[in-house]
Amino acid sequence: MSQTLVLKPGWNGVFLHVDASYAGNNFTTILGAGSPITAIAMWNPPTTAQFVGSPSSPVTGTGWNTWTETGQLANNTLASLPGDTAYLFYNSSASTNTITITGQPVTPRNHWDVSGLNFLGFSTVPGTIQTPPVPSTTVLNFQNYLSTSTELTNSSLTELYEYMGGEISTNNPMLMPSYLFPGLPVVRGQAYWIRQGTTFSHYFGPFEVILSSSGGVNFSTNGNTYTFTLRNHTVNHLTVSMNLAASLAQPAGVTNIVSYVPPPLILQGALNTTTLQYASTAVIPGTPATFALAPANTPGSDVQVVLGLNRSAITAPPWSTVAGILSFKDSLGFTEIDVPTTAIVGSDAGLWIGTAAITNVTQYLNTFELDGNGDPVMTTNGSYIVTAVNTNPAPTVSAFSQRLIVFNPSVNAANSDATLLQRVYYGMDANTNAIVSTGESALNPNLFAVARRISAVNFPWSVANQGWPFSGNLQTATPTAPITVTVTNHYDDQASNPFLHTYHPDHDNLNHQSAAPYSTLAPGVESYNIVRTITLTPSAPAANFSTLTAGNNSISGNYAELITLLGIVTNTPNGNIYTNTRSFSVAGIFSLNHISPIATLNTQSP
């Protein structure tokens, strides 16, 4: 985001709420070509006791890091412009100038030293006052700004110095008496020397945003939730609003932001005691969420906020960074705290492991023709007359589970279709790089102890183990697109076809009427080809907090499988066909978990 500074001729106290250190000491890039700013000094005291009586009389060993346009100062040591820091900017122009600095917002550190004056600024709402000083009863002034604090109860004890422009002297910065506080505006971006006697304080405004990390709300690649605290520092009830906005375009020197669409955030709501799931509310840009805070140091003065990232709603490409700004404002109109919010878009590529739970199976229930006595009618060849067959699906008594192993390549790969596997190996290769492989030979034999083999006994085993291709790719961003795979269990597969019994002459696919060695029988005589057509239809995430924040770490949905038994082959003028074919349908649900993001499947032979 950008911060606008209105600078008088000469020296100005400046407080940066944005971090411009990305450009290093290239201040031409930060300030813009032709900027009238010819010198900058950053306040960086090595100790807390720095002043005897006023900011114009520092003790020995001051804490200034400096930069000049000509580089003439001996201690030209200012290397960058970090945020949440006070500076002196020298405007060499004879007139007031407005400059804009772009950077990542930084939340206040909320701490004053009690052993000396503090050089700091306040996160007031931008635009509260435009061109200082213009005293007005309608603008935010130090009298009402400090009066809301439980720590700064007597403003007459506050020492406040303000830079008036021009050269530094015994009266610049100038001590502002407390009786001027009602007409002295608190200007965002302006730095002041301030001391409150021996009172410890961390009052930077009516409320505080307490983050769990210094870099803002950062979900990184795998994060799905972020918790922070809002704290009231006033003696009254306070309402704090939170608004989400898109990031500005990245300035020169910043290369990690790809998408300026703000991350799709959700707020954790109340717990449903029946489902044990938390409700969720989408954070809509331009529609602030509000939080009610009780007076300071009373129950409810601290409110914990849990934010979630709905990764399934992100449409930016994998590994890009989506960025936005969370802006917090109080109901008094005093303070605005801006928090950077970022997330790295994860990839759906990699290894997914899960289960399918079969809950419905089609049935073959025959209805027979009955005679007058209610007995089945038999034909001349001895069979009963069937009048109807009920093939409707029926629920199982209990769910039957089977393992699913799916490798999902990158959508940018030459073949981006997912693969169903019977087994997979996960470990280190000869160069100690983590790999996902279809064969054990790709693994480092010295590191077998940390390697894993994962198998699915519900699919036919083979030596090559290259799996079966799906008709598409698993996509958490478009979770309703079904993908289909066909698995064939061949009639002569002794390892896995359930119709084959190696030691039973009626089920070994061998013609024992022929001379030894026995000839092989045709499909359908003693064993069947089994064709399994499996369809996975991912479901959109349920409207609860935990499911929406699961992101690209899990996929669940409907499982359907058509099992077809192929009988004897009959030669016809149009080619061979299978007769005595029967199909069974099973259905249920599936769930897959993202085990590894490695996007390449090593297909070395076993």
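The values are calculated or read from the model by the stated rules, or taken from the named source; none is laboratory data. What you are looking at is a predicted structure, and each value in this text was computed from that prediction instead of being measured. Please note: Cβ atoms are built from the backbone with ideal geometry, for glycine as well, and neighbour counts cover all protein chains shown.
Yes or no, residue by residue, for (1) in contact with a Lys or Arg (Cβ under 7 Å, 6 or more places away or on another chain); (2) at pLDDT below 90; (3) β-branched (Val, Ile, Thr):
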| position | (1), (2), (3) |
| --- | --- |
| LEU521 | no, yes, no |
| SER554 | no, yes, no |
| LEU562 | no, no, no |
| THR579 | no, yes, yes |
| ILE589 | no, no, yes |
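Spot the failing condition for THR432; the list is (1) in a strand (DSSP E or B); (2) surrounded by fewer than 17 Cβ atoms within 10 Å (Cβ to Cβ); (3) not assigned by TED's automatic domain parsing to the domain that holds PRO541, and only one is missed.
(1)
Does VAL339 fit the bill of being buried (at least 20 other Cβ atoms within 10 Å of the Cβ), at pLDDT below 90 and in contact with a Ser or Thr (Cβ under 7 Å, 6 or more places away or on another chain)?
On the way: buried (at least 20 other Cβ atoms within 10 Å of the Cβ): yes; at pLDDT below 90: no; in contact with a Ser or Thr (Cβ under 7 Å, 6 or more places away or on another chain): yes.
Here the answer is no, as VAL339 does not meet what is asked.
Determine whether VAL406 is in contact (Cβ under 8 Å) with a residue 60 or more places away in the chain, under 41 Å from the mean Cα position of the chain (by Cα) and over 27 Å from SER583 (Cα atoms).
Details: in contact (Cβ under 8 Å) with a residue 60 or more places away in the chain: yes; under 41 Å from the mean Cα position of the chain (by Cα): yes; over 27 Å from SER583 (Cα atoms): no.
So VAL406 does not fit the description; no.
So which strands (runs of 3 or more DSSP E) are wholly in region 56-104 and hold at least 1 residues that are modelled with pLDDT of 90 or more and farther than 16 Å from LEU16 by Cβ? Outline the logic, then answer.
Numbers: elements: 64-68, 85-91, 97-102.
Fully inside region 56-104 and qualifying: 97-102.
Under the condition of being surrounded by 14 or more Cβ atoms within 10 Å (Cβ to Cβ) and part of a loop (DSSP other than H, G, I, E, B), which residue from region 189-201 is modelled with the lowest pLDDT?
Of the residues in region 189-201, the ones surrounded by 14 or more Cβ atoms within 10 Å (Cβ to Cβ) are 189-196, 199, 201.
Remaining after also requiring part of a loop (DSSP other than H, G, I, E, B): 189, 191, 199, 201.
Numbers: GLY189: 92, ALA191: 92, THR199: 65, SER201: 69.
For region 189-201, the residue satisfying everything is THR199.
To keep it simple, each residue is scored yes or no on (1) assigned by TED's automatic domain parsing to the domain that holds PHE590; (2) out of contact with any helix residue (DSSP H, G or I) (no Cβ under 9 Å at 6 or more places or on another chain); (3) surrounded by 10 or more Cβ atoms within 10 Å (Cβ to Cβ); (4) in a strand (DSSP E or B).
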| position | (1), (2), (3), (4) |
| --- | --- |
| THR380 | no, yes, no, no |
| ALA394 | yes, yes, yes, yes |
| SER398 | yes, yes, no, yes |
| GLN402 | yes, yes, yes, yes |
| VAL411 | yes, yes, yes, no |
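What number goes with the only condition from (1) among the polar types (S, T, N, Q); (2) surrounded by fewer than 15 Cβ atoms within 10 Å (Cβ to Cβ); (3) touching a residue at least 60 places away in the same chain (Cβ under 8 Å) that SER312 does not pass?
(2)
What's the total number of residues in region 202-217 that are touching a Leu at 6+ places or on another chain (Cβ under 7 Å) and either in a helix (DSSP H, G or I) or at pLDDT below 80 (or both)?
Kept after step one, since they are touching a Leu at 6+ places or on another chain (Cβ under 7 Å), are these residues of region 202-217: 203, 206-207, 209, 217.
From the residues that got through so far, the ones that are either in a helix (DSSP H, G or I) or at pLDDT below 80 (or both) too are 203.
Residues meeting the conditions: 1.
Considering only region 203-258, state which residues are within 26 Å of SER147 (Cα to Cα), of a type outside the set (Gly, Ala, Ser) and out of contact with any Pro (no Cβ under 7 Å at 6 or more places or on another chain).
Residues of region 203-258 that are within 26 Å of SER147 (Cα to Cα), as a first pass: 203-211, 229-242.
Cutting the leftovers down to of a type outside the set (Gly, Ala, Ser) gives us 203-204, 206-211, 229-240, 242.
Of everything in region 203-258, those that are within 26 Å of SER147 (Cα to Cα), of a type outside the set (Gly, Ala, Ser) and out of contact with any Pro (no Cβ under 7 Å at 6 or more places or on another chain) turn out to be TYR203, PRO206, PHE207, GLU208, VAL209, ILE210, LEU211, THR229, LEU230, ARG231, THR239, VAL240.
For region 218-264, enumerate the residues that are part of a loop (DSSP other than H, G, I, E, B), of a type in the set (A, V, I, L, M, F, W, C) and surrounded by fewer than 18 Cβ atoms within 10 Å (Cβ to Cβ).
Taking region 218-264 first, the residues part of a loop (DSSP other than H, G, I, E, B) are 219-224, 233, 235-237, 247-258, 260-264.
Narrowing further to those that are of a type in the set (A, V, I, L, M, F, W, C): 219, 235, 248-249, 252, 254, 257-258, 261.
Once the filter is applied, which keeps residues that are part of a loop (DSSP other than H, G, I, E, B), of a type in the set (A, V, I, L, M, F, W, C) and surrounded by fewer than 18 Cβ atoms within 10 Å (Cβ to Cβ), region 218-264 yields VAL235, LEU248, ALA249, ALA252, VAL254, ILE257, VAL258, VAL261.
Among the listed residues LEU421, LEU443, identify the single one that is buried (at least 18 other Cβ atoms within 10 Å of the Cβ), of a type outside the set (D, E, K, R) and within 22 Å of ILE483 (Cβ to Cβ).
Values: LEU443 fails: within 22 Å of ILE483 (Cβ to Cβ).
Exactly one residue qualifies, and that residue is LEU421.
From ASN571, ASN593, grab the single residue that is touching a strand residue (DSSP E or B) at 6+ places or on another chain (Cβ under 9 Å), outside any loop (DSSP other than H, G, I, E, B) and modelled with pLDDT of 85 or more. Before the answer, list the steps.
Numbers: ASN571 fails: modelled with pLDDT of 85 or more.
Going through ASN571, ASN593 in turn, the sole match is ASN593.
Check ASN580 against each of (1) touching a helix residue (DSSP H, G or I) at 6+ places or on another chain (Cβ under 7 Å); (2) in a loop (DSSP other than H, G, I, E, B); (3) not charged (D, E, K, R) and name the one condition it does not meet.
(1)
Taking region 13-26, which residues are farther than 17 Å from ALA249 by Cβ and either surrounded by fewer than 19 Cβ atoms within 10 Å (Cβ to Cβ) or touching a Leu at 6+ places or on another chain (Cβ under 7 Å) (or both)? Walk me through how you get there before you give the answer.
Our first condition is that a residue be farther than 17 Å from ALA249 by Cβ; within region 13-26, this holds for 13-17, 21, 24-26.
GLY13, VAL14, PHE15, LEU16, SER21, GLY24, ASN25, ASN26, listed by residue number.
Output the residues belonging to region 360-374 that are of a type in the set (Ser, Thr, Tyr) and either surrounded by 16 or more Cβ atoms within 10 Å (Cβ to Cβ) or not in a strand (DSSP E or B) (or both). Step through it out loud before you land on a result.
Just the residues of region 360-374 that are of a type in the set (Ser, Thr, Tyr), to begin with: 362, 364, 367.
Passing the criteria: THR362, TYR364.
Does at least one position in region 224-237 carry a residue that is at pLDDT below 90 and within 30 Å of TRP319 (Cβ to Cβ)?
Within region 224-237, one or more residues are at pLDDT below 90 and within 30 Å of TRP319 (Cβ to Cβ).
Please pick out the residue among LEU146, LEU157, LEU140 that is at pLDDT below 80 and not basic (Lys, Arg).
The unique qualifying residue is LEU157.
Read through the list (1) modelled with pLDDT of 85 or more; (2) crowded, with 20+ Cβ neighbours inside 10 Å; (3) more than 15 Å from PRO251 (Cβ to Cβ); (4) not charged (D, E, K, R), then give the number of the only condition that PRO9 fails.
Only one criterion is unmet by PRO9, namely (2).
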